[in-house]
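Structure first, then comments.
The values are calculated or read from the model by the stated rules, or taken from the named source; none is laboratory data. None of these values were measured; they are calculated from a predicted model. With ideal geometry, Cβ positions are generated from the backbone for all residues, glycine too; neighbour counts draw on all protein chains shown. Heads up: the accessible areas ignore ligands, DNA and RNA and are worked out on the full protein's heavy atoms, side chains in. Shrake-Rupley method; radii C 1.70, N 1.55, O 1.52, S 1.80 Å.
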Amino acid sequence: MKNTRQNYSRTGRFILLTALLCGGWLFRATPAAAQETIRQYLSGRDAESPVAWEFFCSQGRNSGFWTNIAVPSCWETQGFGTFRYGLEDKSFAPIECNYRHRFEVPAGWRGRRVYLVFDGVMTDAAVKINGEEAGARHQGAFYRFKYDITGRVKFGGENLLEVSVSDKSADASVNNAERNADYWVFGGIFRPVWLEAQPGQFVDRVAIDARADGAFALNYYPGGEGGADSVEVTILDAQGKAAATPVSAPVTAGRVNTKVTGPAPWTAETPALYTAVVRLKQGAAVVHEMKQRFGFRTVEVRAGDGIYINDRRVMFRGVCHHVAWPTLGRSSSERIARLDVGLIQEMNMDAVRMSHYPPDEAFLDLCDE
C-alpha cells in the first residue's frame, strides 16, 4: 500500500490505528543546516496554543468591526458568526470574514524559495501578500494548500498577510461534500499557518512502498530549479543506525529501489518504524535533505477471504472518527489527538475510519506509532 499525496492531503477510507498509512509526510525541519527546510509558524502550532490575528466578521455575532481572533480556530467557537447544522440549513447565505496578520521574513532567507502554507481553511480562501494576490482562491476545508510567495515578500522587513474566508463554497460540489452533511459546519482558519523556506531546488514530497520482505521503493517529486543530478536514500532503524547501504538514482528517474535484509515488520501490535533520509544532490554536495518515517508491511485484500497484513489475516475492529472538540469545533491539538487514540485503544480497537476527510497531521502521526 503506497503512501501517496494529492494536493497535500492524506487520504484513506480506513487506516490502522498504528499506521497502515505512513507517518507525517511533511517533516518538521528546523533551521540547523542550509539544505534543510525551515518552517516558521505565523499562527499557533495548534488550537490550544493559538496566536492572535486581526479579524473582521461580516454578519452574526460580534460582526461589523475589526477585533482579534485566535488562529487556528473556528470563528463560531470564538464568539463570531452563526452556528449552523449542515443537514438542516443547506441554503444558508455565506458569512465572509477577513483576517490580517503582519510578519517578518528573515533577511537570511534571501536566495531561498518561500512558501505560505495553510493546513486547512473552512472553506473558500482568497489570500493576499502585501496587497498582491498570492494565487488562485482555494476551495475545500480539509486539504493543505500553499503558495510560492518568494517574489511578493520583503526579506528582512515587515509583510502583510490578508485572508478572506467564506464558510460556504462557491463550488456546489464542495458544499455537497462537506457543508450539507449531518454535522455542525464551521468557518475559519482552523488549522495552522506557516512559512516554508526551501533551497532553490528541493524534494517536494515522497511516496513510499515498503513491503514486509524488505523490498523498498520511494517515488520522489522534485520542486524548484537547479542543477541537482541525483537523489540518495538512506534507511535508518529506530536507533538511528543504517539498515541498508545508501542507494541513489538520477533525478530524472523519479524512483529509488533497494531491499533491507530482515526488517522488523510493522503491525498494529508492534508498530516498528524506520526513517528514510532523502538527499537531493549535485555531485557530492547535498542540495536538500528531508526525512520520512515509514513501516515495512505488506497489505493485501484477498477476495472472499479478508485483509492480510504481512501474510496474517487481520479482523478489523474499528470506529468512525471525526476531528471535533466541544470548545474548538474542527480545530485540534496533539493532546486532543492523543486522547482520541487512547480512547479507541481502550475499546480494544485496531482500526479507525476517517469520516469523511483527511484528519490533522498529529492524529496520523499517532496512528503510525
Run the numbers on the chain and let me know its relative contact order in percent, using alpha-carbon pairs under 8 Å that are six or more apart. 22 percent
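So how do Glu36, Glu133 rank on accessible area, 1.4 Å probe, biggest first, that is with the largest at the start?
Ranked from most to least accessible, the order is Glu133, Glu36.
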Heavy atoms only, probe 1.4 angstrom, no DNA, RNA or ligands counted: give me Leu87, Leu236 ranked by accessible area, highest first. Leu87, Leu236
How about region 254-362: which GluC sites (Glu not before Pro) there lie in a loop by DSSP and see at most 13 other Cβ atoms within 10 Å? Glu269
May I ask you to list the aspartates and glutamates whose Cα is less than 18 Å away from that of Lys90, ignoring any residue fewer than eight positions away on the same chain? Glu76, Asp124, Asp167, Asp171, Glu178, Asp182
Determine the share of the chain's accessible area contributed by carbon and sulfur atoms, expressed in whole percent, with a 1.4 angstrom probe. 49 percent
Mind checking which lysines have their Cα closer than 16 Å to the Cα of Lys154? Skip sequence neighbours fewer than 8 apart in that chain. Lys128
Write down the accessible area per residue of region 63-189 in Å², having rolled a 1.4 Å probe over the full set of protein chains. 41 Å²
Anisotropy class of the chain from Cα gyration tensor, a/c 1.5 cut: oblate
Sites matching chymotrypsin sites (Phe, Trp or Tyr not before Pro) across region 159-215 that sit in DSSP coil, with at most 14 neighbouring C-beta atoms within 10 Å: Tyr183
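Going by the alpha-carbon gyration tensor, a ≥ b ≥ c the square roots of its eigenvalues, is region 225-336 rounded (a/c under 1.5) or, if a/c is not under 1.5, prolate (a/b greater than b/c) versus oblate?
Taking the square roots of the gyration eigenvalues as a ≥ b ≥ c, region 225-336 is oblate.
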